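Read through the structure below, which is laid out as structure tokens, and then see the notes.
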Amino acid sequence: MSGDPGVTAGDIARLAGVGRATVSNWRRRHGDFPRPVGGTATSPLFSLSDIEDWLRRNGKPFEVSPADRLWQRLRACGDDFRLADLVGWAGLHLLRLRGDDVKVPVRTPGPAIEPDDPEVPRMLAGLAAEHGHAAAFDLLFQRYVRAHSRRLVLTRPDVARLMARLACRDGDVVLDPACGLGTLLLAAPGPRLALGQDGDPSAARITAVRLLLAGTPAEVVSGDSLRRDAFPGEVADSVVCNPPFGDRAWGHEDLAGDPRWEYGLPPRGEPELAWVQHCLAHVRPGGRVALLMPSAVASRRPGRRIRGNLLRAGALRGVLTLAAGGPDLWLLQRPQPGERPPSSVLLLDAEGDLASAEREWDRHPDSEFGVPVIDLLDDEVDLSPSRHRPRQTGDAFGRRFTETRDRLRAAAPVPPGLELLPDRRPLPFTTLSELAKAGVVTITHAPARLPSGGDVPVLTADDVTAGTGPSGTSAAGPGLVMLEPGDVVAAGGAARVVTEPGAALGPGLTLYRTDGARLDPGFLAGFLTFADGRCGSGSGSSRTDPRRTRIPRLSLERQRAYGAAFQELARMTETLREMSALGETLVRLSFDGLLEGHLRPALGEHSGNGAGPVPERADSPPSP
């Protein structure tokens, strides 16, 4: 099927810009819908050319981008079990096209397989010529992740960035001994060298390709880090890791006398504590480790001796629960010779607020969430942050409770003024690709890497997502793309209009410069943002080719009205997010206040409004 690649129902939905349910309806209601040519009963494959013909005959708008067409042909060159190898081959081929030496960086048992379709290399070269080598591979990589989303374990991008900020420094040698597809290593800020190891040869190859295409020197090895350490005796400046959880066959018997177990032999059922010590053994004195752990590791009885030893030595500096149910982020530091261990450890339940995790870590040891080590060295050595929430004084609790409640009451969003039409009036659409061909908008991709140093402000992907000003810097150079007022900048599912000049376009961003007489920037930014949400991608991370975005054909006056409505909807979205966070905080404060004696249920006329005292003695016994 290499000459005519197969597509799944999900692929068809994405190409046509509809939901999977719509494709299912087409199959049931249209007798001429193409029959499957392969796959299974639950996941059939259809001929791409047959689907294109059917969509065209039935007037269904669709667009098969060069990236999609290449992806389908690449996928047709092997089954799903070989797909990672094919993606790895594509990355190595792109490195060769760029002129890189790819003989050394990946040590795996065998070479990547090659596709049997002679068109694939030509199409890959064309995609690289249009988007650049790194962006071309990212288009394929994102499609691979989407196709195997249920099989892959990926660290959330925001968690990866947090771990990298807390553990890594610019210019570090950074190690990830369970690197997966390289998410954590890619989040590290400007590593001098990235070292990685993973038990899956295909994943190790993809990691190496991603790092090298991003301009990061890398050495990535395939193999089991605990049983066959690829870097024995080597130490890095920092270590980041999201290890496999719950692996009972991690090598307890074979590794009983391993010198890495400086803080105690990990019990058979505590493989995560083996990973903790493996990471510490590979970081220099004073170097930091950021490690994701299941929440249960902080309190399971078999691991209490090792936890105690980590505390006594000053190696464990913080346990941060990132969200309800975990995971926990363990922050460690290899002690310096003769260094006095810290007297407290940070135990914080961040409740999903990653900014608070970073803020309290920066404040430690002065944070109110610091717990004295001596208080933890009991028979349990329970490091669960939820067990050690700081008790607040009545005044401090009252201020926080009242402030949170009042902010929640005042945060009611105001919806935009929208007119309800008596009948649906479909809009005429075009695509962003067609607008670019007509010269209405110019699309520019940021360089994969900017020169370090210098004081040129850089707008980053995080800035666009958070709606903040430029936070990065770069040295001046001919490759910088400078932004102008009215430019639309997009990252994933977030887009914004630039209002101030002087900043450069950061890696991972795309610039859309419009002809202001024909296309309103706010109108375009709104569709780039909200079209992703309509397609069900949530944050927009799965939408990899914005050129397919459908844009209504409207007058400039009507575009500006739409743009203003989009701005109001964006503000409303932020308000609702703030209300959700405030509501969760208020609920937790209410529970804590009731349990700790800061609050009690109101009675009588005050019942339900949370205000005013009740006419009952505080020490009155409960009624029988």
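Every read-out reported here was derived from the displayed coordinates using simple, explicitly stated rules and does not represent laboratory data. All figures in this text were calculated on a predicted structure; none of them were measured in a lab. When we count neighbours, we look across all protein chains shown, and the Cβ atoms used for this are built from the backbone with ideal geometry, even at glycine.
Calculate the FRET efficiency for residue 402 and residue 122 from the Cβ-Cβ distance with a Förster distance of 41 Å, rounded to the nearest 0.05. So, using R0 = 41 Å, E works out to roughly 0.05.
Between residue 603 and residue 468, what FRET efficiency follows from the Cβ-Cβ distance if R0 is 41 Å, with the result rounded to 0.05? Could the numbers behind the result be given before it?
On the way: r = 46 Å, r/R0 = 1.12.
With a Förster radius of 41 Å, E is 0.35.
Which of the helices in the chain meet the span-like rule: DSSP H, Cα axial reach of 30 Å or more, Kyte-Doolittle mean at least -1.0? In the chain, the long hydrophobic H runs are 556-596. Quick one: longest stretch of the chain between exposed loop GluC sites (Glu not before Pro), exposed meaning at most 15 other C-beta atoms within 10 Å and loop per DSSP? Between exposed loop sites, the widest span is 1-233.
Where does each of 11-20, 143-152 land if you order them by average Cβ count within 10 Å, highest first? Mind dumping the intermediate values first?
On the way: 11-20: 20.3, 143-152: 14.9.
Listed from highest to lowest mean packing, they are 11-20, 143-152.
The Cα center of region 238-282 and the Cα center of region 476-492 differ in position by 45 Å. Please list, in order, the residues from region 438-452 whose amide nitrogen is less than 16 Å from a point placed 7 Å along the Cα→Cβ vector of residue 476. Once the point is set 7 Å along Cα→Cβ of residue 476, 451-452 turn out to lie under 16 Å by backbone N, inside region 438-452. Each stretch of four or more DSSP H residues adds -39500 (n - 2.57); spread over every residue of the chain, this sum gives -11500 deg cm²/dmol at 222 nm. For a paramagnetic label modelled at 7 Å from the Cα of residue 571 toward its Cβ, which residues of region 462-478 fall within the zone defined by backbone nitrogen distances under 17 Å? Residues 467-468 fall inside that zone. For region 1-64, compute Rh as the Kirkwood radius over C-alpha pairs and then the Stokes-Einstein diffusion coefficient at 25 °C and 0.890 mPa s; write the answer in µm²/s, rounded to an integer. In µm²/s, the coefficient rounds to 209.
Checking (1) 28.8; (2) 35.9; (3) 33.1 against mean projected area of the Cα convex hull in nm² calculated from these atoms, the matching label is (2). In a Debye calculation with equal point scatterers on the alpha-carbon sites of region 157-388 and no solvent, what is log10 I(q)/I(0) at q = 0.11, 0.12 Å⁻¹? Each listed q maps to, in turn, -0.51, -0.61. Neighbours of residue 501, meaning other residues whose beta-carbon lies under 11 angstrom from its beta-carbon, give a summed charge of -3 when Lys and Arg score +1 and Asp and Glu score -1.
Extending 7 Å from Cα along the Cβ direction at residue 224 and again at residue 374 yields two label points whose distance is 4.4 nm.
Only four residue types carry charge here, +1 at the Cβ of Lys and Arg and -1 at the Cβ of Asp and Glu. Report the dipole size of the chain about the Cα centre in Debye, rounded to the nearest 20.
Details: 75 positive and 78 negative charges, 259 e Å.
Charge dipole, the chain, about its Cα centre: 1240 debye, nearest 20.
Segment residue 359..residue 96, full-extension length gain: 90.4 nm, with 0.36 nm per residue of separation and the alpha-carbon distance subtracted.
Fewest first, what order do 386, 65, 222 take by the number of other Cβ atoms within 10 Å? Before the final figure, lay out each step's value.
On the way: 386 14, 65 18, 222 23.
The order, fewest Cβ neighbours first, is 386, 65, 222.
Among 456-465, 441-450, the peptide with the highest mean count of other Cβ atoms within 10 Å heads the list, and the full ranking is 456-465, 441-450.
Of the trypsin sites (Lys or Arg not before Pro) found in region 402-438, the ones in coil according to DSSP and having at most 10 other Cβ atoms within 10 Å of their Cβ are 424.
Near residue 78, within a Cβ-to-Cβ distance under 12 Å, what is the net charge of the other residues, with Lys and Arg +1 and Asp and Glu -1? Write out the running numbers ahead of the final one.
Numbers: positive: 73, 75, 82; negative: 79, 80, 85, 114, 116, 117.
That sum, taken over residues with Cβ under 12 Å, equals -3.
Taking 0.36 nm per residue of sequence separation and removing the Cα-Cα distance, the residue 305/residue 560 pair yields an extension gain of 85.3 nm.
The simple spin-label model puts a point 7 Å past each Cα toward its Cβ; for residue 427 and residue 25 those points are separated by 2.0 nm. Extending 7 Å from Cα along the Cβ direction at residue 581 and again at residue 256 yields two label points whose distance is 5.1 nm. Remark: the residue 149-residue 35 segment gains 38.4 nm on full extension, using 0.36 nm per residue and subtracting the alpha carbon distance.
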